[in-house]
Amino acid sequence: MKFNPSNIQPSLLDMMPKYERISDCIMGGDAIKEKGETYLPKPDPTNYTEENNARYKQYLIRALFYGITARTVNGMLGLVYSKPQPEFDLHANLEYIKTNIDGSGITLTQQTKKVIHDVSALGRAGLLTDYSKSNSEVSQQDVIDGKVRAVIKRYNAENILWAETQNKGVENILSLVILLESYVLPAGDGYTSKTDVQFRVLSLADGIYGQEIYRKIDGKDEFEAIEAEGSIPVDNSGAYFDHIPFTFVGAVNNDHKFDNPPMLSIADLNIAHYRNSADYEESCFVNGQPTYYFTGLTKSWIDDVLKGIVRIGSRGGVPLPEGAGAGILQADANTLPAEGMKTKETQMAAIGAQIVTGDSGTTTATEINRNSTVEDSVLVNIVSNVEQAYNFCFQQVTLFTGIEIPEYGINKEFNYESFDSSRYTSLIDGAMQGLNTKEDAFNYLKRTGMVNYDVEFESWNNTIDNSIPGVI
């Protein structure tokens, strides 16, 4: 049987529906509504008439999708980058890592943010350290001249199609990874281009790492390796790599196993909230339309006086005969969907807060304070895993170039609170009464972003006026 790199691992197939729901929620209302009945079933699914189809289209249009999933992920990313990141000084010959880490112009910070975003959403991403082709020893001069270099490429969860491991002593190491990629090829008109897919296969054969790129043969349901020779890299001493320079990045840990997506619960609640919204808006539309009624009219009055027309409003008037009457029928809107929406909004806020702080209670995102225990929070764990993954990649860069790279760090001290002047005043008053220290007030200002992260207490305390204007 010929090798088919497009096969998808069964465990990934099991995860794909979850990834799709989360990704659609992050993309927003247009993506959700494009899926139609996938996320919003027809109220009457057995009715196939054109009238019912037209009503469903209006039902879909009126539904409101509340983009809380995307806001939660972006909010988590904002917390990570709410303070300056640790210094990361590189050798001059490796400065390109900061400005062009993957060879396409993406900076290290941009790529790191995307990886944190991916893992915060789906719980999985991947990083590959790739190398310039070289079958001989790489010299330092080659690195200086830019003839050879290492790049770090990011892969999202859906594009890591297959992964296998094998035992190496006490370690369990990757032995096969298949990655889905896109490549650009000419469209044939001399001006434009189009994209197609290819499969990058990373493998260990007899303990030596190598890679091949497979593309589909035109007109056939078969694949061929289009890049085999020269795809076995060597390190700066000329030795072959005895491992695959690829690492997973997970929400729990960085092994090849699938972690539960952090945003799954929020996305599912987000979709349920969307369905409640559709029912609520439908109820408001149907029940909110007033119906006028008239009593005591005769046919002759309708024909001779009203002329078959009833004019209502400020410029209208309805002449009625003696004993006749008029009124408006208007039903109360169904409030159950609205209550369901409010409940789900509270639940989504609580889950988002738990992801950030690790608090398993009912604290909402707006009630988080700095006293929360965050060491075990999902967000802190994600950032630590991303940090670990990049340090692994930089070790692979060092093996290739022979140039040492310092430890890479990402901020894990997050600002949770909004500034409250009454609380700050209480801290200052408490310091004057000996109930707490002035440094407690200073730390509160730093946590809420009222004082720059790099300001020291001694410097702040020695200023003539270290109060917040308008507070004390």
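Shape verdict for segment 290-329, please, from the Cα gyration tensor: rounded (a/c under 1.5), prolate (a/b greater than b/c) or oblate. Because a/c hits 1.5 or more and a/b fails to exceed b/c, segment 290-329 counts as oblate.
The alpha-carbon of residue 98 sits under 16 angstrom from the alpha-carbons of these lysines, leaving out residues fewer than 8 places away in its chain: 113, 114, 153.
Taken over segment 238-313, the alpha-carbon convex hull comes to 220 cubic angstrom per residue.
Here the residues 312, 116, ranked from fewest to most Cβ neighbours within 10 Å of their Cβ, fall in the order 312, 116.
When the GluC sites (Glu not before Pro) in segment 1-107 are filtered for DSSP coil states and for at most 12 other beta-carbon atoms within 10 Å of their beta-carbon, the remaining sites are 87, 95.
Quick note: the coordinates plus some simple rules give every number you see, no bench work behind them. On a predicted model such as this, the values are computed, not experimentally measured, just so you know. Here Cβ is always computed from backbone atoms with ideal geometry, including for glycine, and neighbour counts include all displayed protein chains.
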